[in-house]
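Each value in this text was obtained by applying a stated rule to the coordinates, not by laboratory testing. Since the model is a prediction, treat every value here as computed from it, not as a measurement.
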């Protein structure tokens with residue numbers, strides 16, 4: 001993961017946290033458990049960073065839910 005990808009992931013974690021009224025650490029925990037970062041956000045960074053943050057946040061929530069976790 002390079003610094004651009006890391007910055008993007010941190011931004012999305014905070015976006016999801018604000019949107020759902022939870023802490024960024026709670027979001028990170030769910031993303032880590034579901035491997036969303038390593039299997040979705042990093043590999044798809046080239047496409048995802050061109051999309052709106054709201055759309056990516058919705059995708060992340062969908063990923064987490066479909067992998068048995070909640071935010």
Exercise. In degrees from 0 to 90, rounded to the nearest 10, what is the angle of the helix 53-66 Cα long axis to the longest principal axis of the chain?
Worked result: 50
Exercise. So what's the angle, to the nearest 10 degrees on a 0 to 90 scale, between helix 24-33 and the longest Cα principal axis of the chain?
Worked result: 80
Exercise. So what's the angle, to the nearest 10 degrees on a 0 to 90 scale, between helix 3-20 and the longest Cα principal axis of the chain?
Worked result: 30
